[in-house]
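The values are calculated or read from the model by the stated rules, or taken from the named source; none is laboratory data. For clarity, every value in this text was computed on a predicted model and none was experimentally measured. Ideal geometry is used to build each Cβ from the backbone, glycine not excepted, and the neighbour counts take in all protein chains shown.
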Amino acid sequence: MKKAVLLALTLLLAACTSLQKTPPEEKFKKSFPDHKFESFDESSVKGIYEVYDGRQVYYYLPDGDVILLGNMISKDNRNLTRESEGKKMAAGLKNLPLDKAIKIGSGKTQVVEFIDPNCYYCRMSFNFFQQRKTDVTMYVFFYPLSENSAKKIRHIICSKDRASAYEDVMSGKLDGDAEFNLCEDKEADEIEQAHQQASARARVRATPLFYIKEQVVPGFDQRTLEQLLAK
């Protein structure tokens, strides 16, 4: 009887020890099997792990076996979550088919932007970069968020002078009941498909989204844009 009790205690102790030594990543997989991820790393805070699912960063706390959602802000007011997401997204923004983008300007600094032509902040960014044509070259990819936006995009792509058509659309000249050039053209189809693939590769979820000097800037953050352009 004593041997049986001793054996049971030994097995129980071994099981507890094994559970305690379970790596955090394996524990996460077991506790949250439906949460697929691309990366699982230690965060800057001891005991908290950063999980990236291809779209967003969130956190896992093994002590408690819980998921934490939201932004991690440092004491110097840096959004560590956004910075990490930007670095991970940047990998998908390298080697984009820039020959399929709408090219605006002739400056030495290259800026890639994903936009929706009806997006309010996209139009703010348009006005901002209109003043920087001599020092910035824009490569614009489209990410439509509505049927009307898709029509405006098709109109731009179908135009002989795409840069001019882009400026007409973004300046509001084709708002309201304007007629669009919705051509049936193989080249236009290929360009639209290239933009869709680029948006998927960059994992665009909202517009505008910028890629400047290997850094991702989500949203029209004018201060950050100006800082990057000044470097």
Hits in the stretch 51-89 - residues which are closer than 17 Å to Leu209 by Cα and in a helix (DSSP H, G or I): Thr81, Arg82, Glu83, Ser84, Glu85, Gly86, Lys87, Lys88, Met89
If only one of Pro208, Pro218 is at pLDDT 95 or above and closer than 13 Å to Glu113 by Cα, which one is it? Pro208
Is it fair to say Gly219 is under 23 Å from Gln56 (Cα atoms) and either surrounded by fewer than 18 Cβ atoms within 10 Å (Cβ to Cβ) or of a type in the set (A, V, I, L, M, F, W, C) (or both)? yes
Report yes if some residue within the stretch 188-201 is surrounded by 13 or more Cβ atoms within 10 Å (Cβ to Cβ) and in contact with a Gly (Cβ under 8 Å, 6 or more places away or on another chain); otherwise report no. yes
Identify, by number, the condition in (1) without any contact (Cβ under 8 Å) to a residue 24 or more places away in the chain; (2) touching a helix residue (DSSP H, G or I) at 6+ places or on another chain (Cβ under 9 Å); (3) under 24 Å from Lys108 (Cα atoms) that Ser164 doesn't meet. (2)
Sole miss for Cys158 among (1) among the hydrophobic types (A, V, I, L, M, F, W, C); (2) under 19 Å from Cys122 (Cβ atoms); (3) crowded, with 16+ Cβ neighbours inside 10 Å; (4) in contact (Cβ under 8 Å) with a residue 24 or more places away in the chain is condition (2)
Name the residues in the stretch 123-154 that are small (Gly, Ala, Ser) and without any contact (Cβ under 8 Å) to a residue 24 or more places away in the chain, would you? Ala150
